[in-house]
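Report on one structure; see the data block that follows.
The values are calculated or read from the model by the stated rules, or taken from the named source; none is laboratory data. None of the values given here were measured: they were computed from a predicted structure. Quick reminder, even Gly has a Cβ in these numbers, built from the backbone with ideal geometry, and neighbours come from all protein chains shown. The accessibility values were calculated without ligands, DNA or RNA, using every heavy atom of the protein model including side chains. Shrake-Rupley method; radii C 1.70, N 1.55, O 1.52, S 1.80 Å.
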Amino acid sequence: KDRYLLRIGVVLANVLSEQELYTIMLHEFAHVSQDKNEHYREEHYSDWLSAEGGGTDKLSAFLANLYMYLSVKYLFVYMIYRYACSVVYETQADMAMAEHGDPSVAVSALLKTHYDTLYYWESAVIDEPSIFESAELKADYLTNRIASFKNAIALRSEDWNALVEKEILANNASHPTLKMRMDTLGVDKLVLTPSSSSPEYLAQMQRMLDFSEQFIYRERKEFYETERKERYLDPCARIEAWKESGEPISSETYADIISDLKTLGRHQEAEALCDRVIEQLPGMSATHAIFMKGCAMLYR
């Protein structure tokens, strides 16, 4: 009750500038300002009903059954309320960024979070070496991910910006579109503001990154050999055997080959195999390949 947890992620945190992170904090803490307490009590009660619905003792179980109709009705009404009001609450929190921060920096921060989502989607079909290629576990996974994200921003930002103009609000959206948020902030240009982060801030971000790299390394070191066998050596062996046999296509085995190629980060080969299957196998035999091809197109 006396803590507020904000998950940003090590990668995004190391891409945001100090000023951009400040505007995000303005937005998030606007959600828990004094006048929002009633809203959060309702949300917590809804979460409690959904997760537990009462305690484990007999009295709590009896009361839960006794008030089941009212609880179900509350959950339904709250679901409709949240559906109707989520975008409004987010817009109000955006206003705090405009009131207490720099709107252009706020848009820059929102744009980077938007890029993060698009990067996540596109990276699912971009060829890259398997993280299990090395015989020894390396402690630089997050560092490489940050560099990859920054490089993607440099290469893809123009195309990603074009999507902002075309984005429409989904019926079940919890947040406004980026274009709507720009209107709220009174900014009409998609521009990343130059970073002027202090040396102290940059040093703290580096400490966070180092800590996270070391934590991941410790957690994975014991199981790395087993994981590498399952997610690199075995798929490599199966694909090599398939290639040596002439890369045959059969309805019983092609799905496993596609899966192995994607596990190894060889997405172009996986998609090319989907195309072959769609061309060569009849009817329902190619259904999985059609599905995987469609997923690749959506991600790309």
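Some observations on this one:
- Residue ID - nearest to Ile239 (Cα to Cα), chosen from residues in region 260-300 that are surrounded by 15 or more Cβ atoms within 10 Å (Cβ to Cβ) and small (Gly, Ala, Ser): Ala270
- Listed by first and then second residue, the pairs with beta-carbon distance under 7 Å, at least 6 apart or on different chains, first residue in region 219-234 and open to solvent by less than 50 Å² (accessible area, probe 1.4 Å), second among the polar types (S, T, N, Q), are Tyr232/Ser130.
- Every residue from region 148-163 that is of a type in the set (A, V, I, L, M, F, W, C) and open to solvent by 60 Å² or more (accessible area, probe 1.4 Å): Ala154, Leu155, Leu163
- Some residue of region 257-275 being touching a residue at least 24 places away in the same chain (Cβ under 8 Å), part of a loop (DSSP other than H, G, I, E, B) and farther than 25 Å from Ile131 by Cβ: no
- Qualifying residue in region 28-42 (condition: surrounded by 13 or more Cβ atoms within 10 Å (Cβ to Cβ), modelled with pLDDT of 85 or more and either of a type outside the set (Phe, Trp, Tyr) or touching a helix residue (DSSP H, G or I) at 6+ places or on another chain (Cβ under 6 Å) (or both)): yes
- Any hit, region 119-126, residues being touching a helix residue (DSSP H, G or I) at 6+ places or on another chain (Cβ under 8 Å), part of a helix (DSSP H, G or I) and not hydroxyl-bearing (Ser, Thr, Tyr): yes
- Subset of region 88-130 [touching a residue at least 60 places away in the same chain (Cβ under 8 Å), open to solvent by 40 Å² or more (accessible area, probe 1.4 Å) and of a type in the set (A, V, I, L, M, F, W, C)]: Met95, Trp121, Ile126
- Only one of the numbered conditions (1) touching a helix residue (DSSP H, G or I) at 6+ places or on another chain (Cβ under 6 Å); (2) at pLDDT below 90 is violated by Asn172, and that is (1).
- Scanning region 180-208 for residues that are touching a helix residue (DSSP H, G or I) at 6+ places or on another chain (Cβ under 6 Å), more than 14 Å from Lys112 (Cα to Cα) and in a helix (DSSP H, G or I) gives Thr184, Leu185, Tyr201.
- Pick from region 131-147, criterion among the aliphatic types (A, V, I, L, M) and surrounded by 14 or more Cβ atoms within 10 Å (Cβ to Cβ), ranking: farthest from Arg266 (Cα to Cα): Ala139
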